[in-house]
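Visitor: Before I ask anything, here is the structure I am working with.
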Amino acid sequence: MTTVYELSHLELLEAESVHIFREVAATFEHPVLLFSGGKDSVVMLALAAKAFWPAPLPFPVLHVDTGHNFDEVIEFRDRVVDRMGLRLHVARVQDDIDAGRVTEDTGPRASRNRLQTVTLLRAIREGGFDAVFGGARRDEEKARAKERVFSFRDEFGQWDPRNQRPELWNLYNGRHRRGEHIRVFPLSNWTELDIWSYIAAERIELPAIYYAHRRPVVQRDGMLLAHTRFLRLLDGEEPYEATVRFRTVGDATCTGCVESTAANPAEVVAEVAATRVTERGATRADDRISEAGMEDRKKEGYF
Amino acid sequence: MPQLLRLATAGSVDDGKSTLIGRLLFDSKSLFTDQLAAVERASRQRGEDYPNLALLTDGLRAEREQGITIDVAYRYFATPRRKFVIADTPGHIQYTRNMVTGASTADLALVLVDARKGVLQQSRRHAFLASLLGIPHLVLCVNKMDLVGWSRERFDEIREDFRRFAMKLDVTDLSFIPVSALHGDNVVHRSASMPWYEGTSLLHHLEEVHVASDRNLIDARLPVQYVIRQGGRDFRGYAGTVAGGVFKPGDEVVVLPSGLSSRVAAIWGPGGMPVTEAFPPQAVTVQLTGELDVGRGDLICRPANRPHTGQDLDAMVCWLAEAGSLTPGATYTIRHTTAETTAAVQKLDYRLDVDTLHRDETAKALALNEIGRVQLRTRKPLLFDPYRRNRATGSFILVDDTTGNTVAAGMITGPALPASRVVWHAAAVGREERATRGLTVWLTGLSASGKSTIAVELERRLVAAGRPAYLLDGDNLRHGLNADLGFGAADRAENVRRVGEVARLFADAGVVAVASLISPYRADRDRVREVHERAGLPFLEVFVDTPLEVCEARDPKGMYAKARAGEIRGFTGVDDPYEAPVSPDLVLRPDDPDPAARILTLLNRSALWE
């Protein structure tokens with residue numbers, strides 16, 4: 001039998017991500033991995049663990065906590081950190097609100113999502129991090145389709161989409177001065193379906209809310225929002241029970257869920273493969289602010 | 001197990017590229033309804049009465065406002081057969097920089113032409129860049145066939161026009177597909193409007209094109225990226241992405257630049273999966289036998305198949321920065337595989353006119369988007385292959401040290417041959433009758449001086465250049481021809497005599513005999529020279545002048561240690577003399593960045609081939 005020296009596309013994506021993790025570990029002094037407990041950051045963590053096997057992760061993880069989390073996700077986060085022996089930094093949006101560095105929006109549609117940027121940049125500064133791994137994918141959003149794998153951020157943490165460094169072959173340029181940093185996106189070339197296929201193939205554990213469950217929800221702006229203690233109901237909104245799951249997990253006030261009976265990774269893969277709505281289109285209220293909502297937030301320092 | 005195909009698109013917006021991408025996504029059911037709704041909404045706001053599919057790919061605010069594409073966007077779609085990554089590398093402005101960026105990782109380039117306009121400058125530029133970047137597959141889509149009445153004649157005309165131009169390029173696989181992106185003809189589905197076209201639709205072609213064989217599976221290369229240590233398990237592994245060839249546990253390997261040899265003890269895939277064969281572009285961790293000092297920037301390869309090692313190299317570079325230009329004398333940080341050092345531009349050989357392929361040798365600098373050939377000298381030797389042979393070990397970027405920006409992309413064409421100070425006195429007579437001219441290169445020096453390494457490399461390059469060559473290795477010949485000989489003075493003389501005779505026969509037959517032998521006694525070597533001169537055959541004595549301390553420190557076979565311990569008697573350099581050549585044709589020292597190249601220079605300069 002002749003050997004066919006071919007990799008499947010998942011193996012290729014894995015190899016590319018592993019290469020990126022190792023490159024950062026070899027060339028930066030203080031990398032950190034953003035870990036929220038969401039599926040992309042869980043996959044990132046799995047890939048990072050693979051990249052440095054059998055050694056432990058050579059960098060800590062950072063959670064930017066809006067304070068509006070799903071309980072299942074925080075419980076999951078702490079369990080993973082414990083199991084893997086990770087060093088966890090938590091940067092709280094609440095601290096910035098309390099210190100008066102940011103002002104919280106008021107009103108029923110208020111979200112802390114945008115405030116995260118200030119907290120994130122503070123955490124990067126205080127931690128002295130020079131490389132920050134994020135789980136953003138280019139398929140998520142049109143501004144992200146323009147993102148480099150190594151994305152330079154100036155001393156204010158800002159992204160200049162018109163002046164990005166050319167990125168060629170797998171030769172990544174991580175040059176930066178003190179105070180500047182590089183955002184690193186090892187999942188750049190993964191799609192939502194790739195992430196789920198990998199989760200299924202590798203049997204990666206996720207917070208339970210990614211799978212079908214019953215919970216009270218509210219219809220708002222064409223989305224299904226979970227009725228949590230963080231959500232203020234508008235006039236005429238009536239919570240009801242539905243069988244749902246989450247496609248993305250973030251701030252509970254702006255992350256929608258979808259009606260689904262997919263109860264395990266294989267069923268989710270089948271569902272994602274058939275869907276004709278993007279993950280952000282279905283579930284992220286923050287992207288609907290404007291045509292360039294993501295781009296504007298990224299310029300400020302958001303992921 | 002669907003495969004991944006990376007493609008780069010090119011051609012100006014007016015040629016219908018965005019529409020083609022939109023059509024590919026739409027007809028392959030890869031476009032999401034909310035994306036389409038967003039495009040329809042945005043198109044309406046702009047007063048356009050049809051969904052402008054260009055808005056799918058122009059993701060930045062400024063791009064939408066100005067109706068131009070500023071930067072590369074990456075798009076993803078899939079069919080049951082394959083996954084696709086499209087690097088959408090557009091733009092009238094900054095075309096070269098974007099094309100180079102998006103195309104550096106592409107397997108296939110898709111160039112669009114407007115059937116009404118035919119092959120324009122832009123099409124030629126992009127085809128040239130695809131060829132320069134070593135993209136093996138090129139598809140020319142002749143678009144807007146509906147606007148030329150689905151004319152077969154027009155398609156044939158454009159195809160012939162482009163084919164003539166492409167003959168000057170290095171494109172291995174060229175395809176032509178007549179399409180109408182607007183109507184979807186031959187994009188995903190075969191067209192009923194062009195029954196004369198017998199080929200496949202674009203999508204079908206993209207699904208079927210065979211890309212796996214485009215990788216180099218011959219020259220084993222593993223640039224060490226990161227050293228993984230785990231004290232608790234006493235684990236020390238060298239992590240990296242295989243850049244070429246195939247590695248297996250048990251393989252004999254050599255670590256460059258130290259030249260230390262070892263063996264692959266184990267190979268681990270990500271997460272500790274045992275790997276029986278590692279090939280590009282797998283990310284692996286390799287354990288070697290023995291205690292070695294190996295670090296990032298080193299390269300693991302096979303002993304008989306090494307990359308070039310050198311500080312002087314020739315390269316094609318594309319200047320990517322708006323600020324400044326590339327000028328001789330300037331220095332940059334060079335990033336090549338996992339190595340980083342300083343590079344100085346020694347010389348700008350020429351600037352290439354991308355449209356005419358004319359070489360302007362009077363050019364003094366390379367400005368934004370300009371491409372030229374340069375000679376670089378690096379502070380530390382690089383371990384490289386020509387880009388055409390290996391994209392991973394043949395590519396580099398230059399980084400400006402003040403701004404930190406990536407200012408140039410480079411593709412190595414080969415080592416720059418330094419000028420030789422050795423004068424050759426030609427003595428060749430009577431060889432004109434043969435198809436090729438043979439000669440003997442005789443490498444002499446202490447054990448572990450590096451003779452064999454140089455000889456192997458010399459043979460490889462000669463053969464690669466089309467010269468018949470054959471390596472006569474002293475150690476190897478002792479297994480056969482000279483198996484009956486020992487290491488006493490008389491047997492050594494006989495050993496040298498026999499190898500000398502075999503070399504003469506090869507040289508006479510028109511082959512370059514590369515002999516690698518300690519041959520410690522001057523008289524023995526002189527006799528071999530006489531034999532050659534009597535036969536009218538060139539004989540080059542090359543002295544690999546590596547100091548005894550260095551050889552002893554290397555000691556790959558542990559021979560010096562045994563000799564010092566008294567286990568071996570009569571070992572050259574320890575308790576037996578080595579008589580250095582009095583007037584060798586060439587002396588090579590350990591700090592020579594590329595000794596094989598020096599020998600080749602000598603051969604070329606002496607015109608021994610003619």
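The values are calculated or read from the model by the stated rules, or taken from the named source; none is laboratory data. Everything numeric here is computed off the predicted structure, so don't read it as measured data. Please note: Cβ atoms are built from the backbone with ideal geometry, for glycine as well, and neighbour counts cover all protein chains shown.
Visitor: Within the bounds of the stretch B:396-409, is there any residue that is at pLDDT 95 or above and small (Gly, Ala, Ser)?
Guide: yes
Visitor: Just to be sure, is residue B:291 within 30 Å of residue B:145 (Cα to Cα), surrounded by fewer than 20 Cβ atoms within 10 Å (Cβ to Cβ), away from chain A (no Cβ under 12 Å) and more than 25 Å from the chain's Cα centre (by Cα)?
Guide: no
Visitor: Does at least one position in the stretch B:361-383 carry a residue that is modelled with pLDDT of 95 or more and within 14 Å of another protein chain (Cβ to nearest Cβ)?
Guide: yes
Visitor: Right, another one. Please verify whether residue B:309 is within 22 Å of residue A:17 (Cβ to Cβ) and crowded, with 21+ Cβ neighbours inside 10 Å, treating the condition exactly as stated.
Guide: So residue B:309 fails the test.
Visitor: Does the stretch A:163-182 contain at least one residue that is crowded, with 23+ Cβ neighbours inside 10 Å, touching a residue at least 40 places away in the same chain (Cβ under 8 Å) and facing another protein chain (nearest Cβ under 9 Å)?
Guide: So far as the stretch A:163-182 goes, no, none of its residues is crowded, with 23+ Cβ neighbours inside 10 Å, touching a residue at least 40 places away in the same chain (Cβ under 8 Å) and facing another protein chain (nearest Cβ under 9 Å).
Visitor: Going by the structure shown, is residue B:574 at pLDDT below 85, buried (at least 16 other Cβ atoms within 10 Å of the Cβ) and either assigned to a helix (DSSP H, G or I) or more than 37 Å from the chain's Cα centre (by Cα) (or both)?
Guide: Yes: the conditions hold for residue B:574.
Visitor: Another question, then. Output the strands (runs of 3 or more DSSP E) that fall wholly within the stretch B:224-270 and possess 1 or more residues being charged (D, E, K, R) and more than 9 Å from chain A (Cβ to nearest Cβ), or say none.
Guide: B:235-241, B:252-256, B:260-268
Visitor: Just to verify a result, which residue in the stretch B:386-415, among those that are more than 8 Å from every other protein chain (Cβ to nearest Cβ) and among the polar types (S, T, N, Q), is surrounded by the fewest Cβ atoms within 10 Å (Cβ to Cβ)?
Guide: Here the residue is B:402.
Visitor: Residue B:311 fails exactly one of the following numbered conditions: (1) in a strand (DSSP E or B); (2) modelled with pLDDT of 95 or more. What is the number of that condition?
Guide: (2)
Visitor: Would you pick out the residues in the stretch A:127-166 that are touching a strand residue (DSSP E or B) at 6+ places or on another chain (Cβ under 8 Å) and either polar (S, T, N, Q) or more than 30 Å from residue B:34 (Cβ to Cβ) (or both)?
Guide: Across the stretch A:127-166, the qualifying residues are A:127, A:129, A:130, A:131, A:151, A:152, A:164, A:165, A:166.
Visitor: While we're on this one: Under the condition of being under 30 Å from residue B:4 (Cα atoms), touching a Pro at 6+ places or on another chain (Cβ under 8 Å) and of a type outside the set (A, V, I, L, M), which residue from the stretch B:212-236 is modelled with the highest pLDDT?
Guide: That would be B:221.
Visitor: With the structure loaded, tell me whether residue B:503 is exposed (fewer than 15 other Cβ atoms within 10 Å of the Cβ) and either farther than 28 Å from residue B:384 by Cα or modelled with pLDDT under 90 (or both) or whether it fails that test.
Guide: no
Visitor: Another question, if that's okay. Tell me which residues, restricted to the stretch B:371-407, are in a loop (DSSP other than H, G, I, E, B) and closer than 17 Å to residue A:165 by Cα.
Guide: B:400, B:401, B:402, B:403, B:404, B:405
Visitor: Can you pull out every residue in the stretch B:5-26 that is more than 14 Å from every other protein chain (Cβ to nearest Cβ) and of a type outside the set (Lys, Arg)?
Guide: B:10, B:11, B:12, B:13, B:14, B:15, B:16, B:19, B:20, B:24
Visitor: Return the total of residues in the stretch B:196-223 being over 23 Å from residue B:162 (Cβ atoms) and in a loop (DSSP other than H, G, I, E, B).
Guide: The number of residues fulfilling the criteria is 6.
Visitor: In the list B:345, B:317, which residue meets the criterion of being more than 30 Å from residue B:228 (Cα to Cα) and either touching a Pro at 6+ places or on another chain (Cβ under 9 Å) or acidic (Asp, Glu) (or both)?
Guide: B:345
Visitor: Taking the condition of being over 18 Å from residue B:71 (Cβ atoms) and touching a Gly at 6+ places or on another chain (Cβ under 9 Å), how many residues in the stretch A:149-173 meet it?
Guide: The qualifying residues number 3.
Visitor: In the set B:131, B:104, which member is polar (S, T, N, Q), in contact (Cβ under 8 Å) with a residue 12 or more places away in the chain and away from chain A (no Cβ under 14 Å)?
Guide: Of the residues listed, the single one that is polar (S, T, N, Q), in contact (Cβ under 8 Å) with a residue 12 or more places away in the chain and away from chain A (no Cβ under 14 Å) is B:131.
Visitor: Residues in the stretch A:216-236: is at least one among the basic types (Lys, Arg), touching a residue at least 12 places away in the same chain (Cβ under 8 Å) and in contact with a Ser or Thr (Cβ under 6 Å, 6 or more places away or on another chain)?
Guide: Looking for residues that are among the basic types (Lys, Arg), touching a residue at least 12 places away in the same chain (Cβ under 8 Å) and in contact with a Ser or Thr (Cβ under 6 Å, 6 or more places away or on another chain), one finds none in the stretch A:216-236, hence no.
Visitor: If I go through the stretch A:1-10 residue by residue, how many of them are closer than 20 Å to residue A:135 by Cα and more than 8 Å from every other protein chain (Cβ to nearest Cβ)?
Guide: 1
Visitor: While we're on this one: When you go through (1) facing another protein chain (nearest Cβ under 7 Å); (2) out of contact with any Phe, Trp or Tyr (no Cβ under 6 Å at 6 or more places or on another chain); (3) under 23 Å from residue A:171 (Cα atoms) one by one for residue A:17, which number turns out not to apply?
Guide: All conditions pass for residue A:17, except number (1).
Visitor: Taking the conditions exactly as written (of a type in the set (D, E, K, R) and under 20 Å from the mean Cα position of the chain (by Cα)), does residue B:302 satisfy them or not?
Guide: Yes: the conditions hold for residue B:302.
Visitor: Still on this model: Identify, please: which residue in the stretch A:22-54 is farther than 21 Å from residue A:201 by Cα, assigned to a helix (DSSP H, G or I) and among the hydrophobic types (A, V, I, L, M, F, W, C) and is, among those, farthest from the other protein chains (Cβ to nearest Cβ)?
Guide: Residue satisfying both the conditions and the ranking: A:24.
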